[in-house]
Amino acid sequence: MMRRMIFNRLRTSILSLILLVTIVFFLIHATPGGPAYSILGMHATPDAVAALNKEMGLDHPLWQQYAIWWEHLFEGNLGYSFTQHASVASLMGSYLANSIILYVLATLVAIFFSIIIGMFQGYWAERTPGVLIGAGQIIVYSIPTFFIGVMLILFFAIYVSWFPPGGIGGDQSTGALNIGSYFHHMVLPAITIALPLTAGLSRYFGHQARSEYRLDYVRTAWARGIPPLRIAVNHVLRNAIRPLVTVIGMMIPGIFVGGILTESVFNYPGLGWLLWRSALEQDYPTLSAIVLLIGVLTILGNLAADLTNSILDVRVRYE
Amino acid sequence: MSSSPTDMNVNNSLVARPIPGMFTRIWTDSLRHWVGQFSHPMTWTGLGLFVFLLLFSWVGPILYPANPLAIHANHLLLAPSWQYPFGTDNLGRNMLARMMDGGKATLEVGLLGAVIAMFLGILYGMIAAMSPRWLDKVLMRLLDALLALPGIVLMIFFAAIIPLNTLSLILVLGCLSWPGLARIVRNEALAYKERDYVLAARQFGASTLYIARVHLLRSMLPILIVNATFMVADLILALSGLSFLGLGIQPPHASWGGLLNDGLQLVIIGPWWLIVFPGVAIFLAIVAMNVLGQGLLARLEGR
Amino acid sequence: MKAGESSGLQVRNLSVTFGRGRKAFQVIEDLSFDIAAGETLGLVGESGSGKSMTAAALMGLLPWGGRVSSGSVRLGETEMTRLSNAALRAVRGREIGMIFQNPLSSLNPSLTIVQQIAEPYCLYCGASISAARTHALKLLKEVGVPDAEKRLDDYPHQFSGGMRQRVMIAMALACNPRLLIADEPTTALDVINQAQILRLIQRLQKEQGMAVIFITHDLSLVAEYAHKVMVLYAGKTVEQGSAEDFFQAPRHPYSQALLNAIPRLMSVGKRLTDIDGLPPRPQEFPRGCRFAERCPAMTPECLTAYPERTGTDAHHFFCIHPVGGAA
């Protein structure tokens, strides 16, 4: 029964991935004048365009190009960036690693604070502190990510100079990485991503905790003399935390959105920054490869969240 | 989000029939009813704030006629004063006039883009809900794939391709923001489809189109309105983000996101007014719509 | 009960107030009762009469905004109203056990039975985990859960309704409490389970010498299981006495009306009488007798002041026109 559920879930994810690849394929071919123009620029000579088309196999019929596109994907060939003069796949590596470390760090921070804030909000619901927390969440949630970043730079990087205003630690050219400096550079971007995330997640979690606190089993726990902290952790949290994995799965696109803007504000060399630079430089192969990669990561992230959740659920139900 | 329909909606679709001579009364009654249904302190706060921003952007230039593009070479980077209430930028342009101009562009794209996105989302969701099961499944898988690509990623992709102006941005943002709504509409429509009064209408031979239009859409209206407010907030945020990245409204025309980016370039010199005013304006617009939406939602959930 | 008998519960002039200043209102006023060890008090009233609020006040678990505004609650030698939060928690964990109406929702769905039974036992009785497990097993056997060894690590949703209530009882008894508060323990159960559960409570009470407060709106259950009866109406006592006295000759018109509303096998064909109207809300309690508005024997005097206590310690009531004539 559980195997069947996992199988079903895998099937829909694979279907989504196939559709995603197709969508990105058509996105590339929707560029005005076709990919060759976009690579060579609007003022390319027809000869140069024809030559490039031949080189990239763009003179084949669309269905053949589609097949080639798939073939290249399976070979890990994501195209060649003419502006960076490197294959896109080789470009991506360090950017992807930088982004994933930053996003995971920010998400963990957000989850940690969301749980604490949410528990207090649930405990204080309908009393003044709870209402204040709720108002704070809407306000923080409404501050644009990039504005948070700008304000953090203004205060922590320029006014008090505790953290660098951007970039990344270590010397990128020699590849020598200074771990301390690496994370020092990561503090402000991580806060920038984590703040709106915390506002949204803690609001959700607060609602969850509030409804748990009203349930009869919490009354039982009070009546049996269990101390408040133990009730919060051992009883309420245990139940309120259940949908958390699903919610985090649903937040993945939002994390990418925040990440793209944050990396651009802080000049942090991650996927989002690369996406931004390639959009400004009209580097289509890199652009489409990143779009594809973000889509794939989102689908895989959702899949992972769903599977984790079903395993947790089954453990509770059948143990 | 799954909301149950309020009883009042059920009554509306049954009772609000065009009785001759009663039309005006029914209309005013249902208007009062609607206002009552949505009245909540948060609704009024959000609405008031948003109307203020609209007035600032459209009525403001009439009351404070200054050219947002005029360059005053001897008034560079002036702090706010009586002459320039929001200061001037590094070209000596009047920041207040630029803020009003930028507000026009930002709110225009947000509102009109939301109209397009709402239309497409409702259309797609309704088609999925009313079509046979296999087609619904195909459409939903396609939606999953689209939802895996955050709107702003696709927007950046397209912003790199198309010529950037207000109209093209309205179209791109509108055409890329509907998938989330489409799923909500489809799920709501499926829930309403099984209700007794819809089944009854079908028994009486009402066409699919009629049922979708009259019964389902009308029942969903409150939820659509709530989502429309969030949609406007999302689009304002998206446009500001794009403009901030230099991929939105292009200079010399102003938008709040673009102004914020301009300010950030000069952050080392420290003219705070170039950062704070556009940043706060974007924040206020988004908070207005979010508070409005939360107020409506609170009423819908009966709080 | 004399003050020297220290193992029971003694409540004097207990009042519970919500809100402050002009908005303040009392939900419970001036309750006094005693329960000796091994004795059962049936606390009877309509919903909203203050039964559950009384239990909450005894436990020190009033909802937010409520407080004990006067009176004293003595459990054995301890004055409960003066205890600190931590001390009160220890009393709740060790000296008072409580069981609730809906056993499924009153159990934590994501903790196993043994985890829930053992929690306060580990906290307050200082037992190790293995000792707590043995103890939980003993308790489950005692309350009559079949296959207790196998069921220790089950989750609440794997139990049937009656079994869940047995688990609740086992949890309440984990630290051998002196007082057991049973708040409508059988309302959610069918008749057979109801009788079994109440017998079980009765048996355990005899074995351990607990005082029991049995909160219910069902007078027929009180007649069968309680030694003493206290009838509450709108936050005040209307009549109190030993079960025999009360059921032989109820004196307050409200008690009489409650008794008349019980369907009886012997009275087939007779009409059941019900009571018209609703009890007043706490914000609108009248100055005089609170039942006056719905009382068949009401006279203008009833509205001027709350009636004096009439009768003996063993059986008394608050009414100026008692059933069966003035005392």
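The values are calculated or read from the model by the stated rules, or taken from the named source; none is laboratory data. Not measured: the values here are computed from a predicted model. Neighbour counts run over all protein chains shown; Cβ positions are idealised from the backbone, glycine included. The protein model used for the area step is the full one, side chains on, heavy atoms only, and it has no ligands, DNA or RNA in it. Shrake-Rupley method; radii C 1.70, N 1.55, O 1.52, S 1.80 Å.
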Reported set for region C:51-89 where residues are in a helix (DSSP H, G or I), crowded, with 18+ Cβ neighbours inside 10 Å and among the small types (Gly, Ala, Ser) is C:Ser52, C:Ala55, C:Ala56, C:Ala57
Any idea how many residues of region B:264-275 are closer than 16 Å to B:Met100 by Cα and either more than 7 Å from every other protein chain (Cβ to nearest Cβ) or in contact with a Ser or Thr (Cβ under 8 Å, 6 or more places away or on another chain) (or both)? 2
Against the condition within 11 Å of chain B (Cβ to nearest Cβ), under 18 Å from the mean Cα position of the chain (by Cα) and of a type in the set (A, V, I, L, M), how does A:Leu287 come out, does it pass? yes
Collect the residues in region B:225-250 that are away from chain A (no Cβ under 14 Å) and open to solvent by 10 Å² or more (accessible area, probe 1.4 Å), keeping them in residue-number order. B:Ile225, B:Asn227, B:Ala228, B:Met231, B:Ile249
Consider region A:199-219. How many of its residues are open to solvent by 50 Å² or more (accessible area, probe 1.4 Å), charged (D, E, K, R) and either at the interface with another protein chain (Cβ under 10 Å from one of its Cβ atoms) or part of a helix (DSSP H, G or I) (or both)? 3
May I ask you to list pairs of residues, at least six apart or on different chains, whose Cβ atoms are under 8 Å apart, with the first in region B:138-161 being within 7 Å of another protein chain (Cβ to nearest Cβ) and touching a residue at least 24 places away in the same chain (Cβ under 8 Å) and the second being buried (at least 20 other Cβ atoms within 10 Å of the Cβ) and not in a helix (DSSP H, G or I)? B:Ile156/B:Leu245; B:Ile156/B:Leu247; B:Ala159/B:Leu247; B:Ala159/B:Gly248; B:Ala160/B:Leu247
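Here's the yes/no breakdown for (1) surrounded by 20 or more Cβ atoms within 10 Å (Cβ to Cβ); (2) not in a helix (DSSP H, G or I):
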position: C:Tyr121; (1), (2): yes, no
position: C:Ala127; (1), (2): no, yes
position: C:Ala132; (1), (2): yes, no
position: C:Ile169; (1), (2): yes, no
position: C:Ala174; (1), (2): yes, yes
position: C:Pro185; (1), (2): yes, yes
Considering only residues that are part of a loop (DSSP other than H, G, I, E, B) and in contact (Cβ under 8 Å) with a residue 60 or more places away in the chain, look in region A:220-242 and name the one that is nearest to C:Leu61 (Cα to Cα). A:Ile241
For region A:220-240, which residues satisfy the criterion of being within 7 Å of another protein chain (Cβ to nearest Cβ) and open to solvent by 30 Å² or more (accessible area, probe 1.4 Å)? A:Trp222, A:Pro227, A:Arg238
From the set of residues in region C:179-201 that are in contact with a helix residue (DSSP H, G or I) (Cβ under 6 Å, 6 or more places away or on another chain) and among the polar types (S, T, N, Q), which is nearest to C:Gly38 (Cα to Cα)? C:Thr186
Quick check on this structure: which one of C:Lys138, C:Lys150 is more than 20 Å from C:Asn176 (Cβ to Cβ), away from chain A (no Cβ under 11 Å), surrounded by fewer than 23 Cβ atoms within 10 Å (Cβ to Cβ) and among the basic types (Lys, Arg)? C:Lys150
Could you list, ordered by first residue, the pairs with Cβ atoms under 7 Å in which the first is in region C:102-120 and within 18 Å of C:Val143 (Cα to Cα) and of a type in the set (Val, Ile, Thr) and the second is part of a loop (DSSP other than H, G, I, E, B) and open to solvent by 10 Å² or more (accessible area, probe 1.4 Å), at least 6 apart or interchain? C:Thr112/C:Asp153; C:Thr112/C:Asp154; C:Thr112/C:Tyr155; C:Ile113/C:Asp154; C:Val114/C:Asp153
Picking from A:Val49, A:Val21, the residue that is within 14 Å of chain B (Cβ to nearest Cβ) and modelled with pLDDT of 70 or more would be A:Val21
